[in-house]
1. Can you tell me which of 447-455, 307-315 comes out highest on packing, and rank the rest after it, using the mean Cβ neighbours within 10 Å?
2. How long is the gain from N376 to R224 if the chain were fully straight, where each residue apart is worth 0.36 nm and the alpha carbon distance is subtracted?
3. Mark the label point 7 Å from the Cα of S442 along Cα→Cβ and return the residues of the range 382-411 whose backbone N is within less than 20 Å of it.
4. So for the range 227-386, taking the charge dipole from beta-carbon charges (+1 Lys/Arg, -1 Asp/Glu), which of V243, I327, Y302 sits furthest toward the positive end?
5. With all protein chains present, how much of the accessible area of the range 359-457 (probe radius 1.4 Å) comes from carbon and sulfur, to the nearest whole percent?
6. With a 1.4 Å probe and all protein chains kept in place, how do D369, D306 rank by accessible area, largest first?
7. Once the piece of chain linking K205 and D288 is laid out straight, how much longer is it, given 0.36 nm per residue of separation minus the C-alpha distance between them?
8. For the range 348-457, what number results from the quotient of the Cα radius of gyration and 2.2 N^0.38 Å?
Amino acid sequence: MKSKYFKNLAKGLVVAGAAFALVNCGDAADQVNNAIADAQQQYQQQQNPADSSQTTVTDPTQQGTDPATNPSQTVTDPAQQGTVTPVDPADPNATPTDPNQGVTDPTQPADSSQTVQPADTAAQVTEPVVGPGGEQQPVDTTATNPPAISSSSAAGSDPVPTSSSAVDSPKSSSSEAVKPASSSSEQVVSSSSAAPKGVFLASGKEEEKDQLQVEYKTDTGWDRGGILAYPKQLSNDQKHAVVVWGPGGGTKPGAYEGMIRRLASHGFVVIALKESPGDASQAIKAIDWMDQQNKDSNSPLYNKLDLNTVGCSGHSMGGLESEQAVIKDKRVLTAFLNNSGDWNGNGANKVPTDRSIAILYGEVGMEKDNAKNDYNNQGVRAPACLIEMNGGPRNSEGGYGHGSGSWDGMAATVAWMRWHLGGETERKADFVGSTGKYIDGSIIGKQGHWKTQCKNF
């Protein structure tokens with residue numbers, strides 16, 4: 001009798017523990033979902049042509065909370081979708097900022113000095129997966145690609161991560177992005193006396209996968225609010241190019257951990273901004289800080305960086321920050337805008353001809369018209385590409401929306417940086433021409449296709 005009692009007690013504890021774990025996982029999914037919602041509203045607010053000169057984001061917690069007291073809440077750009085819906089005070093993430101506003105990455109360590117383990121451990125998983133009906137799905141700890149992201153068709157409504165049972169459900173490492181090689185098989189950095197040309201890149205070229213183990217440090221940078229990521233094994237023979245990542249307006253950079261890790265695993269040193277005002281002010285400060293690290297003998301990055309080979313990328317307002325950085329700072333060679341575009345169509349035309357720009361948008365994203373207008377400006381003389389993600393999951397919005405580029409489409413950013421910073425000129429054929437990987441190819445590991453046009457190459 002006693003034995004039977006203890007067996008039943010053990011079963012009860014197991015069931016209770018599983019339920020507790022599911023609740024916690026669901027909370028993490030809600031954080032990511034609500035984060036994406038806020039960026040759409042922040043970016044949408046910035047489209048108001050009546051105040052197009054304003055580039056610095058004001059306090060995001062004060063924006064759009066009451067249409068009656070916040071006249072700037074009404075979107076007047078005809079490319080945008082009406083008026084922002086009043087915020088529900090019961091919604092903890094209702095600030096109309098950028099798609100991932102206010103998310104503190106649920107998987108980030110509490111200790112800012114803690115180094116996250118390589119991508120082949122369970123701690124690597126950063127994005128919870130939500131099923132097509134909103135139900136929480138079990139997370140595969142070996143997957144490195146986050147869930148599909150979309151946005152609602154209603155102006156100012158919440159875009160949420162969605163997944164198709166056929167495409168976006170959790171995948172094992174055999175069908176999804178493969179975890180980085182373990183230390184026994186990881187790429188060995190050459191110690192040859194004849195230093196190779198160019199900046200360092202991981203020898204693994206598949207941009208759909210992480211390649212090298214990564215150091216990932218939170219609460220860092222000049223303002224102690226950014227993220228620094230770089231390969232654990234830095235090159236002794238080559239310098240590393242720098243990529244500045246800009247989060248959506250008001251969004252915490254940890255919401256983009258998948259993108260940050262992916263870029264770093266390919267050999268780049270990545271500094272993610274605390275915020276993206278859209279005027280390049282924070283991106284330039286980030287580059288200056290990286291320059292200081294390169295000159296500091298106590299820094300792990302001492303003498304490891306090429307500060308003349310810098311790329312900027314970001315999501316939504318982070319895309320605008322990147323665009324302004326490539327215009328204003330000669331150290332920046334290229335910009336890749338994810339789900340963004342100058343609302344006046346007056347950004348890409350200012351990019352110098354010795355630099356380049358790519359603008360990505362979702363087929364039904366609220367940034368769609370801005371992206372097209374920016375690229376199609378007749379004054380654009382720099383090499384430029386306009387990249388569409390189409391054929392996305394038939395979710396509530398009907399396809400790829402405002403959050404698509406930074407998650408489902410992250411491989412395009414990595415490929416672009418390997419081309420424009422890493423010197424892999426063979427990748428030009430993937431973007432420029434009549435057919436190619438990112439011209440009309442499938443979005444590998446996801447649903448849909450790329451549709452790209454380029455000019456001035």
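The values are calculated or read from the model by the stated rules, or taken from the named source; none is laboratory data. None of these values were measured; they are calculated from a predicted model. Glycine gets a Cβ as well: all are built from the backbone with ideal geometry, and neighbour counts include every protein chain shown. Just the protein is used for accessible areas: all its heavy atoms, side chains included, with ligands, DNA and RNA removed. Shrake-Rupley method; radii C 1.70, N 1.55, O 1.52, S 1.80 Å.
1. On the way: 447-455: 18.7, 307-315: 27.4.
The densest-packed peptide leads the list: 307-315, 447-455.
2. Working: separation 152, 0.36 × 152 = 54.72 nm, distance 3.84 nm.
Fully extending the segment from N376 to R224 adds 50.9 nm.
3. Only 388-395, 399-400, 405, 407-411 pass the distance filter.
4. Result: Y302.
5. On the way: 1470 of 3260 Å².
Of the solvent-accessible surface of the range 359-457, carbon and sulfur hold 45 percent.
6. Working: D369 65, D306 40 Å².
The ranking, largest first, comes out as D369, D306.
7. On the way: separation 83, 0.36 × 83 = 29.88 nm, distance 2.93 nm.
Using 0.36 nm per residue and subtracting the Cα-Cα distance, I get 27.0 nm.
8. Numbers: Rg = 13.6 Å, N = 110, 2.2 N^0.38 = 13.1 Å.
The reported ratio for this selection is 1.03.
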